[in-house]
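What follows is a single structure, written as structure tokens, with notes after it.
The values are calculated or read from the model by the stated rules, or taken from the named source; none is laboratory data. This is a predicted model, so every value here is computed, not measured. Note: ideal-geometry Cβ built from the backbone for every residue, glycine included; neighbour counts use all protein chains shown.
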Amino acid sequence: MLTGMLPWKHRAINQGGLVRSDAVCCNPYSLLGSEYNRFAFSQNIWADYLLGQFSRDIDRFLPLYSHSLLKDEDSNLENIFWNDHALSSMAINDFLIPMGDEPVGTAIFGYFGKFKFLDNDEYKSVRYSGGIPRAMNSIPYLNEEVFQGVYKELLKLNAEEKPYFSYFHLWSPHDPYKPRNDFKNLFKDDGYAPVPKPIHTDSPGFDEEYLASRRIVYDRQVAQVDFEFGNLIENLSASGVLENSYLIFTSDHGELFERGFVGHGNQLMYEPVLHIPLLVHAPGQTGRKDVFSLTSNIDLLPTLLSITGRELNSDIDGEMLPGLGGQADEQRPIFSVFAIENSAFAPIKKAVITMHKHTSKLIAYLGYDDKVAQSFELYDLESDPEELNNLAARDVKTLSAMKEEFFTYLNEANRLFVRK
């Protein structure tokens, strides 16, 4: 998202993977330049790795554990190796003090890690009887305190003389879902019944009862995040921050509770995973404006550059958002890529890639079956938003046209990675 590039170009496609070295300079921190006060904070360690690649152009980069229930001194190790932020973060969090129950590099740090991640019984019993939210399954935090931390950081930035760019990557409502007590009874009797869908062959095969039990807890945590975000907006409005600032709210993925699967991060590339929110508030905006055009999160960087009067980098694949300098284009293809099992240094041959174009959606499964190297699903999202009717065998004309355009883009992207 921050590079404005498609995954097959920036190549941060593996779990914990990094952006290609020759693409690192394409990010808002470098392109906005020192005229801006540049800020970054992520509760997600993989996003922290990526931000670490841009750290030389970040003026204030908060450690991973900031605004959590851990003490500030718990994160000081990373500051020792600030000039190699991405590499040192990987070494410390993957080896010395790994997240969760992974084996540790030393007995001393292993004890330290176990000690600092102990439950806080006070918070657990009083506010979160179901357990405290934990980023990366280890870092305990309270959503109300994280959002209050965001507000305080924005007040500091807004008080400076320089204009600023800030990026906050928050964990909730990510798994494990742990809503606060005053949200834990929501949606119990709301009568919602999702459309039944067949079990996917690449899912664990969870039954509908289990899917429903996870969905309702997720919805409760979404409700709490919505509440905290509403408080943040009210505070920013009351303090005058929104009078001269753009505020952009989006997500890196959705969650799936269907077809026998819970969560995200596997081959199931259906709309609940891909369809993410995008809210933009501009200075002086007094009314709501809905935009229904297909867009991508890679469109954020070119939009930011346009807003700030910067030139667009020629390597950027994204386009300016409609209503913010860009125009709606119904013929533009929008791609999403899942390729964690594909080498970042080789052509994309094992992946699930989707291509949206107008109301049509193509899902391409590449390299997952030795007998059938490629298979495709085709949906008309206007008439079939639940993706129940695969048209691949019936609408051969549309499938053929979509596949031809899809492989034109993919083959061009792969060309640079083919060994000569």
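Against the definition (in contact (Cβ under 8 Å) with a residue 12 or more places away in the chain and either of a type in the set (A, V, I, L, M, F, W, C) or part of a loop (DSSP other than H, G, I, E, B) (or both)), how does Phe407 come out, yes or no? Taking the combined requirement at face value, the residue does not satisfy it. Checked against the criterion of being surrounded by 15 or more Cβ atoms within 10 Å (Cβ to Cβ) and assigned by TED's automatic domain parsing to the domain that holds Gly33, the candidates Pro347, Pro322, Pro277, Pro283 yield just one match: Pro322.
Taking (1) at pLDDT 95 or above; (2) under 24 Å from the mean Cα position of the chain (by Cα); (3) in a loop (DSSP other than H, G, I, E, B) in turn, Ile363 satisfies each apart from (3).
Scanning the stretch 201-225 for residues that are part of a loop (DSSP other than H, G, I, E, B) and either modelled with pLDDT of 95 or more or surrounded by fewer than 16 Cβ atoms within 10 Å (Cβ to Cβ) (or both) turns up Thr201, Asp202, Pro204, Gly205, Phe206, Asp207. Within the stretch 25-38, residues that are within 15 Å of Phe61 (Cα to Cα) and touching a residue at least 60 places away in the same chain (Cβ under 8 Å) reach no partner that is of a type in the set (A, V, I, L, M) and surrounded by fewer than 18 Cβ atoms within 10 Å (Cβ to Cβ) with beta carbons closer than 8 Å at six or more positions or on different chains. Out of Phe147, Phe165, one residue alone is part of a strand (DSSP E or B), in the same structural domain as Phe249 (by TED's automatic domain parsing) and touching a residue at least 24 places away in the same chain (Cβ under 8 Å). It is Phe165. Among the residues of this structure, Ala40 does not count as one that is assigned to a helix (DSSP H, G or I), assigned by TED's automatic domain parsing to the domain that holds His169 and crowded, with 19+ Cβ neighbours inside 10 Å. Looking at Tyr36, Tyr49, just one residue is within 18 Å of the chain's Cα centre (by Cα) and modelled with pLDDT of 90 or more, and that residue is Tyr49.
Looking only at residues in the stretch 207-261 that are among the small types (Gly, Ala, Ser) and under 22 Å from the mean Cα position of the chain (by Cα), the one that is nearest to Asp175 (Cα to Cα) is Gly254. Looking at this structure, is Ile298 within 16 Å of the chain's Cα centre (by Cα), within 30 Å of Ser375 (Cα to Cα), in contact (Cβ under 8 Å) with a residue 40 or more places away in the chain and assigned by TED's automatic domain parsing to the domain that holds Ala47? The answer is yes for Ile298.
Each residue in the stretch 323-343 was checked for being hydrophobic (A, V, I, L, M, F, W, C), within 23 Å of Val418 (Cβ to Cβ) and touching a Phe, Trp or Tyr at 6+ places or on another chain (Cβ under 9 Å), and 3 of them qualify. Within the stretch 222-229, identify whether any single residue is under 30 Å from Tyr368 (Cβ atoms) and touching a residue at least 40 places away in the same chain (Cβ under 8 Å), and answer yes or no. Checked the stretch 222-229: no residue is under 30 Å from Tyr368 (Cβ atoms) and touching a residue at least 40 places away in the same chain (Cβ under 8 Å). Of everything listed in (1) crowded, with 17+ Cβ neighbours inside 10 Å; (2) within 26 Å of Pro176 (Cβ to Cβ), the single unmet condition for Thr250 is (1). Only a single criterion out of (1) at pLDDT 95 or above; (2) out of contact with any strand residue (DSSP E or B) (no Cβ under 6 Å at 6 or more places or on another chain); (3) assigned to a loop (DSSP other than H, G, I, E, B) is not satisfied by Tyr368, namely (1). Can you find even one residue in the stretch 224-244 that is under 16 Å from Gly4 (Cα atoms) and out of contact with any Gly (no Cβ under 8 Å at 6 or more places or on another chain)? The answer is no, given that none of the residues of the stretch 224-244 is under 16 Å from Gly4 (Cα atoms) and out of contact with any Gly (no Cβ under 8 Å at 6 or more places or on another chain). The combined condition, being free of Cβ contacts under 8 Å to residues at least 60 places away in the same chain, assigned by TED's automatic domain parsing to the domain that holds Arg259 and either assigned to a strand (DSSP E or B) or loosely packed, with under 13 Cβ neighbours inside 10 Å (or both), is fulfilled by Ser314.
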